[in-house]
């Protein structure tokens, strides 16, 4: 028993000293910190006296002396506690002076009377193995006033402060109160209930820990209050305490019953104590041990493991601080690839239920666009799209697509139920499959990324639009000035009296052509502006291709005649009627015929054909083709044909004043009618075939 | 009076040729940027009329070549273009253009007068 006393007192002594030191070092000028240190100092002294009072084999006089010293030093804890409760958590002392004087005097009176026989007259029931129980004298009332009453007053004071405070201070006060509650319950159960009612002193050695708990909670309130939320701490502390008590009781009971049954002799108290301590140790170390072992095994057995919290926080940072679309997507993809250890990933950017753009790391962008995946995705986009995981797929066709393009996961990124992008991920580098945890994490990310991707796209679109606008103004102003100057100077020449009839005819014709040209240019510019503003509205109706060609071709009669071009028609009957916006279809065909006629070499043929074609899903479409034997399209020009204002050098030579809006308009019109436009050319001076495909009905 | 007109738009060129001829100029023409330098070298004109948007080599490049050639840089170059934005004008003048005229802003008579004045001042 004495060994246990010694151990518990030494442990208590050191723990308390460390707590006091930590608090004083943090801020040695704060009144709260200093009062706390004084408070702990009183407990330290108490522990020393208390230990000596419990050393067995002493004369009862000596024990009585130690007990009186214990009472003397604890007399001061009441006033100190009150001062601390009053000041906490401020750093300035605000207690009224008379209170300090009155309460300190009370403490002093109680302490000095503790040393006289009037507080404790003697000891009863003292034998070698039982804790001494002193018999109270008349002055016990002073002690009662100085300690329990003041503690109660402090407790009430703290509760009142707690009710009034908010925020951090409230949580600090909560710690303080929790410390007192735990301390008092310990004292009540171990000291009074156990000793006086159960008549056992087994738990007396644990008494120092009640003060450690109290000081620990106050110190924590002073030092660390900012770092943790109070509620989980309270909940965990209570849960742990109950758990440990519960386990300890079961453990001790089993030991006690087991040993009694086997050896027929009761187990030694020391063994029981060691058992309880071990139980406590196991209880406290279980969680950290489990974590450490988990980490170790993860590292050894699961190479592909990553920290989901870190990944999410990294992605959130990128989403929050990147506005440029290209930066945003490449940073997000690279982070996902790096942290989840994936081989490749891509964003399919969706606009109006179509793939508008692909941003990829590892995938071939063009190849993804041409793949049946696109059709599959369009199909999916029409219904409500969900995340796909390769291993969860049941549809064999879909599985085949996933396998072919090395897609493991497909996650729609939505804003208000509209898809703005689809995140696709390739296989993991370590070869392991995607877990539902991965999917869950990516779903959380998808909900954050949607708005960021949309904003970044809007931002980029705005920037591009502003650049395009200034380019537009510059090109257009130049191109409009040219016919204006032709008209102006021709008219000036006409005004001159010395010009011949032949000259006058030429200048008149120049002016007339200039005005026509100007009108056409203006039309194209206005259409281009509508395309920029997305104001192309389609009104579909059945359109007869033969009629369109018959109306259009005569417009180019002069050029056809001077260049001796041979226009050939080959319109399949079943393709003669297409569903389209008549005016827009006519404009598109006009653009293509005009280009074919203008850029053809003299004496060659221009072929106009139309046929019906089956597309994916058994849908029929009409394909109109206009082929010429003209200047053709070089490799380097290919990617720019549909750009606004693009004109090849050769085209500039043949027709210097074109605006370069024709193909841009044709493409926009084709797309607006759910059609397509594309071309084929073997190169410079090898002619070109232009195709328009439109849904036929 | 000898002038080289560098202009790719046929209608405009025809008018300019007509006007300059009637005003007593001897004319050589270049239809793109690449032809420009050889034509100027051969013709050795007293003044050059230069358009800026030209096929093959832009008027700015032609201007730069003219002004960096020791034999040609003394010939005055009058830019006659439909580029009318401040940065185009500034750029042409920085490259050494002697005058800058926006086509739509000047009657032909005024252009002839400016060219003649330039030659008198020389």
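Let me know the mean shielding of B:48-55 by other chains, meaning the per-residue number of their Cβ atoms within 10 Å of its Cβ. Don't skip to the answer; put the middle values down first.
Details: counts 0, 0, 0, 2, 1, 7, 3, 8.
Counting Cβ atoms of other protein chains within 10 Å of each residue's Cβ and averaging gives 3.
Put in order of Cβ neighbour count within 10 Å, fewest first, the listed residues A:329, A:634 become A:634, A:329. When you count the other C-beta atoms within 10 angstrom of each residue and take the mean per peptide, A:599-608, A:176-185 line up highest first as A:176-185, A:599-608.
To one decimal place, what Kirkwood hydrodynamic radius in Å is obtained for the range A:398-497 from all pairs of distinct Cα atoms? Please list the in-between numbers first.
On the way: mean 1/r = 0.0535 Å⁻¹.
Across the range A:398-497, the inverse of the average 1/r is 18.7 Å.
A straight line joining the Cα centroids of the range A:667-691 and the range A:51-122 runs 100 Å.
Of A:317, A:9, the sequence from fewest to most neighbouring Cβ atoms within 10 angstrom is A:317, A:9. Angle, helix A:230-263 long axis vs. longest principal axis of chain A, Cα atoms, 0 to 90°, nearest 10? So the inclination is approximately 50 degrees.
Along its first, second and third principal axes, ordered by size, the range A:522-622 spans 42, 36, 22 Å in Cα coordinates. Applying the Kirkwood pairwise sum to the alpha-carbon positions of chain B produces a hydrodynamic radius of 14.1 angstrom. The angle between the Cα long axis of helix A:308-321 and the main principal axis of chain A comes to about 50°, on a 0 to 90 degree scale.
Values of log10 I(q)/I(0) for the range A:65-104 across q = 0.15, 0.23, 0.28 Å⁻¹ run -0.43, -0.75, -0.92, by the Debye formula with one identical scatterer at each alpha carbon and no solvent.
Using the Kirkwood radius over C-alpha pairs as Rh, can you work out the diffusion coefficient of the range B:23-68 via Stokes-Einstein at 25 °C, viscosity 0.890 mPa s, in µm² per second? The partial results should precede the final answer.
On the way: Rh = 10.9 Å.
My calculation gives 225 µm²/s for D.
Take the alpha carbon atoms of the range A:464-519, find their center, do the same for the range B:68-120, and report the distance between the two centers in whole angstrom. Each part's Cα centre sits 20 Å from the other's.
Mean shadow of the range B:51-122, computed from the convex hull of its alpha carbons, in nm²?
Working: hull surface 20.3 nm².
Computing the convex hull of the Cα atoms and averaging its projections yields 5.1 nm².
Where does the range A:1-93 land on Rg(C-alpha)/(2.2 N^0.38 Å)? Could you put the intermediate results ahead of the total?
Working: Rg = 15.4 Å, N = 93, 2.2 N^0.38 = 12.3 Å.
My calculation over the Cα atoms of the range A:1-93 gives 1.25.
Across all C-alpha atoms in the range A:449-567, the radius of gyration and Dmax reach 21.9, 74 Å. Does anyone have the angle between helix A:372-382 and the longest principal axis of chain A? Alpha-carbon axes, 0 to 90°, nearest 10? Helix A:372-382 sits roughly 70 degrees off the main axis of chain A. Per the Cα gyration tensor, the range A:54-160 maps to an equivalent ellipsoid with semi-axes of 32, 14, 11 Å, ordered largest to smallest.
In chain A, the calculated helix contribution to ellipticity at 222 nm averages -20000 deg cm²/dmol per residue, counting -39,500 (n - 2.57) for every DSSP H run with n ≥ 4. Please work out whether the range A:517-574 counts as rounded, prolate or oblate from its C-alpha gyration tensor, where a ≥ b ≥ c are the square roots of the eigenvalues and a/c under 1.5 means rounded, while otherwise a/b larger than b/c means prolate and anything else oblate? Verdict is oblate for the range A:517-574.
Relative contact order (percent) for chain B, with alpha-carbon contacts under 8 angstrom and 6 or more residues of separation?
Values: 190 pairs, mean separation 28.0, N = 122.
Relative contact order of chain B: 23 percent.
At 1.567 mPa s and 4 °C, plugging the Kirkwood radius over alpha-carbon pairs of the protein assembly as shown into Stokes-Einstein gives what diffusion coefficient in µm²/s? Diffusion coefficient, whole number: 35 µm²/s.
Please report the antiparallel percentage of DSSP beta bridges with both residues in the protein assembly as shown, rounded to the nearest 5.
70
Computed over the Cα atoms of the range A:637-697, what is the ratio Rg over Rh, Rh following Kirkwood?
Numbers: Rg = 12.8 Å, Rh = 12.7 Å.
Checking Rg against Rh, the ratio lands at 1.01.
Centre-to-centre, using Cα atoms only, the range B:1-55 and the range A:19-39 are separated by 96 Å. Spread over its residues, the convex hull of the C-alpha atoms of the range A:564-697 is 109 Å³ per residue.
For B:1, A:663, A:398, what ranking results if the residue with the fewest other Cβ atoms within 10 Å of its Cβ goes first? Show your work: numbers first, answer last.
On the way: B:1 14, A:663 22, A:398 18.
Ascending Cβ contact count within 10 Å gives the list B:1, A:398, A:663.
Relative contact order of the range A:14-82: 31 percent, from C-alpha pairs under 8 Å at least 6 residues apart in sequence.
Remark: mean inter-chain Cβ contacts per residue of B:7-13 equal 6, using a 10 Å Cβ-Cβ cutoff to other protein chain atoms.
Ranking request for peptides A:286-292, A:590-596, A:113-119: highest mean number of other beta-carbon atoms within 10 Å first, then the rest in descending order.
Details: A:286-292: 10.3, A:590-596: 22.4, A:113-119: 17.9.
Descending mean neighbour count gives A:590-596, A:113-119, A:286-292.
Mean partner shielding of peptide A:473-485, defined as the number of other chain Cβ atoms within 10 Å of each residue Cβ, is 5.
Based on Cα contacts under 8 Å between residues 6+ apart, chain A shows a relative contact order of 7 percent.
Where a number appears in this text, it was derived from the coordinates with a stated rule and is not lab data. Small disclaimer: the values here were computed from a predicted structure and weren't measured. Using ideal geometry, Cβ is built from the backbone for each residue, glycine included, and neighbour counts are taken over all protein chains shown.
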